[in-house]
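*Asks:* Okay, handing you the structure first.
The values are calculated or read from the model by the stated rules, or taken from the named source; none is laboratory data. Everything numeric here is computed off the predicted structure, so don't read it as measured data. Because the Cβ atoms are built from the backbone with ideal geometry, glycine has one as well, and the counts that use them run over all protein chains shown.
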């Protein structure tokens with residue numbers, strides 16, 4: 001399922017809110033009182049139980065691209081009336097969501113023995129399901145798109161938009177093919193695409209509104225409504241460099257301490273958020289933990305999942321939020 005959204009303010013929660021929710025979750029699920037660990041110059045966990053049996057590191061699994069662009073479009077100029085233009089130009093800045101940064105694992109199928117033999121006999125290399133999954137994780141390790149610069153973007157685009165209008169090249173940017181070409185229009189189109197990244201540019205002749213430029217933040221995502229998508233997303237995140245700080249923080253826990261990784265998802269950048277927040281279904285995919293993690297928790301508003309090698313996946317309700 002593909003959904004596309006446009007807005008200027010994401011309303012994403014704060015890190016303090018993530019810590020509050022994690023504290024509620026762990027206190028209720030483990031029947032223990034948790035307190036914040038004072039910040040220090042070296043990386044360390046965020047929370048510990050009063051009996052020192054548990055420590056927890058809390059991370060928001062959100063889109064840095066979406067968060068940064070939301071702040072930038074709220075802070076900087078995104079709309080201007082420009083009388084010297086003949087058209088109203090709409091510039092959509094495309095932000096990544098979790099389905100871009102951490103796409104769900106495809107449903108790879110284990111080759112049947114007869115297929116494997118036939119393909120090998122024909123000279124093909126045959127990968128197992130596990131090998132294909134490992135290859136997928138290795139090639140999908142986090143955000144890929146550079147974040148466009150919103151500050152000063154209208155001024156940066158203006159001379160190139162004038163060139164397009166002068167030459168009547170006002171079709172939607174999806175139809176542009178400026179690569180390799182060196183004419184004035186193609187050079188202008190390349191400059192615009194370089195400034196807006198993977199976004200889209202379109203225009204129209206205004207009948208009542210003045211000519212000018214409007215910049216909007218947009219994003220789209222694929223929703224699968226499959227719990228295994230979340231498990232796959234978590235595994236990809238754990239395997240990426242984005243988990244380095246979490247692993248370093250938990251590695252400093254005293255020997256014998258139970259180490260918890262709490263991943264808090266937000267409704268804006270996580271396609272599966274509403275589905276996971278409304279059902280108690282758990283994934284079927286086993287996770288492969290780094291050495292520093294004993295238990296992993298995922299949070300979707302008042303619902304949470306936990307995973308460890310002993311108990312597999314379990315579903316939880318954070319009562320203080322649900323009431």
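*Asks:* Give the residues of region 34-44 that are closer than 17 Å to residue 261 by Cα and either out of contact with any helix residue (DSSP H, G or I) (no Cβ under 6 Å at 6 or more places or on another chain) or modelled with pLDDT under 90 (or both), sorted by residue number.
*Replies:* 35, 36, 37, 43, 44
*Asks:* Take region 1-31 and flag every residue that is in contact with a strand residue (DSSP E or B) (Cβ under 9 Å, 6 or more places away or on another chain), loosely packed, with under 15 Cβ neighbours inside 10 Å and at pLDDT 75 or above.
*Replies:* 15, 17
*Asks:* Right, here's the next one. Taking the criterion of being touching a strand residue (DSSP E or B) at 6+ places or on another chain (Cβ under 9 Å) and in contact (Cβ under 8 Å) with a residue 12 or more places away in the chain, would at least one residue in region 132-145 satisfy it? Reasoning before the result, please.
*Replies:* Residues of region 132-145 that are touching a strand residue (DSSP E or B) at 6+ places or on another chain (Cβ under 9 Å), as a first pass: 145.
If we keep only those that are in contact (Cβ under 8 Å) with a residue 12 or more places away in the chain too, we end up with 145.
Yes; the residues of region 132-145 include at least one that is touching a strand residue (DSSP E or B) at 6+ places or on another chain (Cβ under 9 Å) and in contact (Cβ under 8 Å) with a residue 12 or more places away in the chain.
*Asks:* From 43, 56, grab the single residue that is buried (at least 21 other Cβ atoms within 10 Å of the Cβ), within 22 Å of residue 264 (Cβ to Cβ) and assigned by TED's automatic domain parsing to the domain that holds residue 26. Even if it seems obvious, please write down each step before you answer.
*Replies:* On the way: 43 fails: buried (at least 21 other Cβ atoms within 10 Å of the Cβ).
Unique residue meeting the criteria: 56.
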